[in-house]
Amino acid sequence: MDYNKFEDRISDWIENSMDIKERKEFEKYLAENPEHKKKVDDVILIAILESLLSFKFDTFENAEFIYSFM
């Protein structure tokens, strides 16, 4: 696997939408290239932040609670 394929597959890996063979190939690449783990962590963080920002708060207290973690 090259870096471009790795980068294209990050979301699939996070969403667990790869078959076992693809997952093993991705994880092998990640194990052999630990410097690229930050890229995976960044994509996970972006997904979390996007979810939080699109969340509809039903009360001000709920919004305050969520934003206290940011």
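Yes or no: region 19-32 includes at least one residue that is surrounded by 10 or more Cβ atoms within 10 Å (Cβ to Cβ), among the hydroxyl-bearing types (Ser, Thr, Tyr) and at pLDDT 95 or above.
yes
From the residues in region 1-16 that are under 13 Å from the mean Cα position of the chain (by Cα) and polar (S, T, N, Q), which one is surrounded by the fewest Cβ atoms within 10 Å (Cβ to Cβ)?
In this case the residue turns out to be Asn16.
The values are calculated or read from the model by the stated rules, or taken from the named source; none is laboratory data. All of these numbers come straight from a predicted model, not from anything done at the bench. Virtual Cβ from ideal backbone geometry, glycine too; neighbours counted across all protein chains shown.
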